[in-house]
Every structure is written in structure tokens, then in C-alpha cells.
1. Can you find, within the stretch 29-59, the residue that is most open to solvent (accessible area, probe 1.4 Å) among those that are more than 12 Å from the ligand (Cβ to nearest atom) and in a loop (DSSP other than H, G, I, E, B)?
2. Which number in (1) in contact with a Leu (Cβ under 7 Å, 6 or more places away or on another chain); (2) open to solvent by 40 Å² or more (accessible area, probe 1.4 Å); (3) under 23 Å from M1 (Cα atoms) marks the one condition that K109 misses?
3. Within the stretch 91-112, take every residue that is assigned to a loop (DSSP other than H, G, I, E, B) and under 19 Å from the mean Cα position of the chain (by Cα) and give me the one that is farthest from T12 (Cα to Cα).
4. Taking the stretch 60-73 as the search range and keeping residues that are touching a residue at least 12 places away in the same chain (Cβ under 8 Å) and surrounded by 13 or more Cβ atoms within 10 Å (Cβ to Cβ), which one is farthest from the ligand (Cβ to nearest atom)?
5. Given the structure, is I13 away from the ligand (no atom under 13 Å from the Cβ) and assigned to a helix (DSSP H, G or I)?
6. Criterion first (open to solvent by 40 Å² or more (accessible area, probe 1.4 Å), more than 17 Å from L106 (Cβ to Cβ), not in a helix (DSSP H, G or I) and not basic (K, R)) does Q26 satisfy it?
7. When you scan the stretch 78-90, do you find a residue that is part of a loop (DSSP other than H, G, I, E, B), within 16 Å of the ligand (Cβ to nearest atom) and in contact (Cβ under 8 Å) with a residue 24 or more places away in the chain, even just one?
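The values are calculated or read from the model by the stated rules, or taken from the named source; none is laboratory data. Quantities reported herein were computed from a predicted structural model and do not represent experimental measurements. So basically every Cβ, Gly included, is an ideal-geometry build from the backbone, and we count neighbours across all protein chains shown. Accessible surface is based on the protein model in full, side chains and every heavy atom, while ligands, DNA and RNA are left aside. Shrake-Rupley method; radii C 1.70, N 1.55, O 1.52, S 1.80 Å.
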Amino acid sequence: MSGKRILREKLTIGKMIALWQCSGPQASESAEHYQALQAYANKRLDKCVFGEEKPACKQCPVHCYQPAKREEMKQIMRWAGPRMLLRHPILTIRHLIDDRRPVPELPEKYRPRK
Ligand code: SF4
């Protein structure tokens, strides 16, 4: 069961993907493609090693996305980010606050062995 932070991030990513799908300049994929991308992002969030303490994905030292998916999400977020403030101001402000959280230390089992 996801906590508030993870749920909020899923919601924000969903809104960004929807915005991109409707009017993104290079949104040429099928609806199924974007559904699958959302499902992929949700799964990454559910398995995030930091849980509710997660940093912004762009600052994450683990980065758990496949490279192609990471690039696609970066493109979507770069385009949709500034447009979110007008459409979803509260969610956007919460997201900006979440983005400023410091990167926590990795949980012990994920730290490299010396
Ligand atoms: S990129 Fe990092 S912060 Fe984002 S979901 Fe993956 S492990 Fe968590």
C-alpha cells in the first residue's frame, strides 16, 4: 500500500503524461504506450528503495528506470512541468516542495560492500 508521498507522485506523473499525450509536440505514440509508461512509473514508485523518503527521481543515485524510459520521462517532464502550474497548481507546488528534499542515505542493504 502506497503512502501519501508515493500516491502524490503517481498522480503528478499521470497528469504530466496526460498533458503530453493530449498536446505534447512529439507525442506520437498510442494511448496504450502512455498507459504502459504510467504503469511502469507506478511500479518503479511502488518498488522505490527510499519509499516515502524518496528524493526527486532526477537526483536519485540509484535511478531505477530503463534508459529509454528515463529519457522519455525526462522529455515529458521538461515539457509538461511548466504547464502543470496553471492546470494543477496545488499538486505542482507540492511536487516542487518534494523535489527540494535532500537525497537520503541509501538503505543499508543497497549500499555497496567495502
Ligand atoms: S529513480 Fe530513484 S527515487 Fe525514483 S523511483 Fe527509482 S529509486 Fe526511487
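1. Here is the first cut: in the stretch 29-59, the residues more than 12 Å from the ligand (Cβ to nearest atom) are 29-39.
Those left that are additionally in a loop (DSSP other than H, G, I, E, B): 29-30.
Working: E29: 96, S30: 56 Å².
That would be E29.
2. (1)
3. Per the stated criteria, the residue is L106.
4. So, considering only residues that are touching a residue at least 12 places away in the same chain (Cβ under 8 Å) and surrounded by 13 or more Cβ atoms within 10 Å (Cβ to Cβ), the one farthest from the ligand (Cβ to nearest atom) is E72.
5. Answer is no for this residue.
6. In short, yes.
7. As a first pass, look at the stretch 78-90 and keep what is part of a loop (DSSP other than H, G, I, E, B): 88.
Of the ones still in play, those that are also within 16 Å of the ligand (Cβ to nearest atom) are none.
The answer is no; no qualifying residue exists.
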